[in-house]
Every structure is written in C-alpha cells, then in structure tokens.
Amino acid sequence: MAVELFALFSTAFLVGLSGALMPGPLLTVTVEESTRRGSGAGPLLVLGHGILELMVVILLLFGLGGFLTHPGVGRLVAVVGGVVLIWMGQGMIKGARAGEVQLQLTGDAPANLTVRPVWRAVATGGVISLANPYWLLWWATIGAAFLTQAARLGAAGVVSFFSGHILSDLGWYSLVAAGVAAGRRFISQRFYRYLIMACGIFLLVLGFLFILAGYRGPLSV
C-alpha cells in the first residue's frame, strides 16, 4: 500500500504542477502581491487557495460532483467570476495610475504605503481561485476522478492525493514569489506601476473572457 500511496502522491504532484505552471489569475496576483509583500506572498496566497481546495475535496467526498458539473452552475460561476476579476483588475489599474501603489524594497513599508494585512493575502488566494471557473470545473471532473481513486485507499489515500496536489502549488508559487521579491531592488517605481497595470489589464481580459464563455454555453476543461 505504501507504493500505491507514493504513486498517488507523485501523480497528484505532477498533475497539480502542470496546472500551476499555466498562466492564470492566481499567478498574476502572486506577482502583484510579491512586489508589495515579498517572498512570503506565495505561501500566504497558496494557504487561501489550499483552504478553498480542501473545502471542495470535502464536498466532493459527500457527492457534490454532480452539482458542480451541471451546465448552469458552470455558466453562473463563469459570469460571477468574470465580474470579480474585472473588479480586481480595475482596482489594480486605478491604484497604479493614481500612484497609490509603491514598490516595497525592504522589510519596512514606506510611510505612505498601506501594507495589506496577512488575512487579506490569504483571503485573496481563495477569492481569486473561486473566481476562476476553470478551476472549479477541473475539480468537478479531473479532480473528482483522482479523488475517487484516492478514496479507495481510505483516508491515507485522500491525504496523499491532496498533499501532493497542494505541495505542487506551494512549491511553484513560492518560487515565483521569491523570484519577484529578489528582483525588486532592480525594479524602479515607474516600472512597478506599469507592471501592476499590466497585471490589472490581464485580469480584465480574463474577466471578459470568462463572462463571454459563461454566456456562450457550458465550459470545457
């Protein structure tokens, strides 16, 4: 059984990593938050992301998979998620244009910079994930299939699957955050504002695409 658990852990890690490597809302927010908070932004965002995923795993174990795959649910999540992404994107653009965001180069924030509390970074990790309809669809299909296999090995199987999956996210986004934080000393305040505006525009585009996909019909993985 130990071999099966290790194989499940390894597979979940690799599949999760393939998804984490794809550009998306969480990656965009990780870049934005890392320039402000530093390398600690990655683990905090993943914590919020992981709490949400743990809730989904529990709900799937109680048979929520059929509800999540309903076309109407997918379309609703796409539209609502798109609105949330547009709201977050325009906020980032507005803050960058007004000069309300500044690059934090050291552990101490500038006097005129409002540092976001830890809980907000954690909450952002969950909200940005929930706003992505493809994340929910992945869990309702691919994730649910993996979870079914894992459940056959009991609680140890579920733990192995979830651990492998979430560690892939933690490893990748921590690496991204560390890389961005390390490069902050070489980034000017002007470039930083342009970077935040670019991230905001990316979220705006994603938001409109999600809304369009929701109106057009059922989403597909």
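Extending 7 Å from Cα along the Cβ direction at Leu14 and again at Leu175 yields two label points whose distance is 1.6 nm. Dividing the radius of gyration of the alpha carbons in region 1-94 by their Kirkwood radius gives 1.03 for Rg/Rh. Membrane-span-like helices in the chain (whole DSSP H runs, Cα extent of at least 15 Å along the helix axis, mean Kyte-Doolittle hydropathy of at least 1.6): 2-20, 41-61.
Between Arg120, Arg184, Arg37, the residue with the greatest mean-square fluctuation in the GNM of the chain (Cα pairs under 10 Å linked by springs) is Arg120. Projecting the Cα positions of Pro117, Gly19, Met88 onto the charge dipole of the chain (unit charges on Cβ atoms of Lys, Arg, Asp and Glu, taken about the Cα centre) puts Met88 furthest along the positive direction. Evaluated over the Cα positions of region 123-221, the convex hull gives a direction-averaged projected area, one quarter of its surface, of 8.2 nm². Here the chain exposes an accessible surface that is 71 percent carbon and sulfur, computed with a 1.4 Å probe and the other protein chains kept in place.
Annotation: per residue accessible area for the chain equals 50 Å², rounded to a whole number [probe 1.4 Å, protein chains only]. The label point for Thr148 and the one for Leu21, both projected 7 Å from the Cα toward the Cβ, are 2.7 nm apart. Distances between every pair of Cα atoms in the chain, grouped in 10 Å steps from 0 to the bin holding the largest one, split as 8, 31, 33, 19, 8, 1 percent.
Evaluated with a Cβ-only charge set (Lys, Arg +1; Asp, Glu -1), the chain carries a dipole of roughly 600 debye about its Cα centre, given to the nearest 20. Dividing the C-alpha radius of gyration of region 1-44 by 2.2 N^0.38 Å, with N its residue count, gives 1.58.
The values are calculated or read from the model by the stated rules, or taken from the named source; none is laboratory data. Every value quoted in this text rests on a predicted model; they were computed, and no experiment measured them. Note that each Cβ is placed from the backbone with ideal geometry, even for glycine, and that neighbours are counted across all protein chains shown. For accessibility, only protein heavy atoms count, side chains too; no ligands or nucleic acids. Shrake-Rupley method; radii C 1.70, N 1.55, O 1.52, S 1.80 Å.
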